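To keep things clear, I will list the structure first and then write my remarks on it.
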Amino acid sequence: MTWTASLAIAIGAVLGAWLRWGLGLWLNPLFETVPLGTLTANLAGGYLVGAAVAVFHINVELSPELRLFFVTGFLGALTTFSTFSAEVVALIRTAQYTWAVLAASVHLFGSLLMTGLGIFTIQQFNK
């Protein structure tokens, strides 16, 4: 790995982590049962990764460092499987099984749907 690739990932990761942290501070207090900051980060990240995959597929001339910055760094830090998992397990531990299943379903299927929508959006703009 080159120093430019490492730097691209590092800068993207810092920005993505700051955004995720900010979303948590802003949105999590609104509905404490299912932290909306984590959900927003994962759904928005799903959409953005879909859009990015489509953009990089269409524009093969874009630099690998740009992809590393945005997909690996920024979106890798923005989205969070570990926090989502911890939040669902916390719901299970407090016997909030319905909320746990609902949260897990919305994170998983919502993220997949948003990724597909991101790809679809870019494909529509590229016609």
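The values are calculated or read from the model by the stated rules, or taken from the named source; none is laboratory data. Bear in mind that the values here come from a model prediction, so they are computed numbers and not experimental data. Cβ atoms come from the backbone with ideal geometry, glycine included; neighbour counts cover every protein chain shown.
Okay, here's what the table says:
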{"quantity": "Members of region 58-106 that are within 21 Å of the chain's Cα centre (by Cα) and among the hydroxyl-bearing types (Ser, Thr, Tyr)", "calculated": "Thr72, Thr79, Thr80, Ser82, Thr83, Ser85, Ser105"}
{"quantity": "Filter result (buried (at least 17 other Cβ atoms within 10 Å of the Cβ) and among the aliphatic types (A, V, I, L, M)) within region 20-45", "calculated": "Leu23, Val34, Leu36, Leu39, Ala41, Leu43, Ala44"}
{"quantity": "Members of region 42-79 found to be closer than 26 Å to Thr4 by Cβ and of a type in the set (S, T, N, Q), listed by number", "calculated": "Asn59, Ser63, Thr72, Thr79"}
{"quantity": "Verdict on Ala13 being under 13 Å from the mean Cα position of the chain (by Cα) and either in a helix (DSSP H, G or I) or surrounded by 18 or more Cβ atoms within 10 Å (Cβ to Cβ) (or both)", "calculated": "yes"}
{"quantity": "Tabulated pairs, region 97-110, first surrounded by fewer than 14 Cβ atoms within 10 Å (Cβ to Cβ), second assigned to a helix (DSSP H, G or I) and not hydroxyl-bearing (Ser, Thr, Tyr), C-beta under 8 angstrom, 6+ apart or interchain", "calculated": "Tyr97/Leu91"}
{"quantity": "Checking Glu32 against (1) more than 21 Å from Ala10 (Cβ to Cβ); (2) assigned to a helix (DSSP H, G or I), the condition it does not meet", "calculated": "(2)"}
{"quantity": "Within region 91-127, considering residues that are outside any loop (DSSP other than H, G, I, E, B) and of a type in the set (Gly, Ala, Ser), the one nearest to Pro35 (Cα to Cα)", "calculated": "Ala103"}
{"quantity": "Residues of region 73-86 satisfying the condition of being modelled with pLDDT under 95 and either touching a Lys or Arg at 6+ places or on another chain (Cβ under 9 Å) or surrounded by 15 or more Cβ atoms within 10 Å (Cβ to Cβ) (or both)", "calculated": "Thr80, Thr83, Phe84"}
{"quantity": "Which numbered condition Glu61 fails, given (1) part of a helix (DSSP H, G or I); (2) out of contact with any Gly (no Cβ under 9 Å at 6 or more places or on another chain); (3) of a type in the set (D, E, K, R)", "calculated": "(1)"}
{"quantity": "Test: residue in region 61-72 that is at pLDDT below 95 and crowded, with 20+ Cβ neighbours inside 10 Å", "calculated": "no"}
{"quantity": "Every pair of residues 6+ apart whose Cβ atoms lie under 7 Å, when the first sits in region 78-90 and is part of a helix (DSSP H, G or I) while the second is among the β-branched types (Val, Ile, Thr)", "calculated": "Thr83/Thr38; Phe84/Thr38; Glu87/Thr38"}
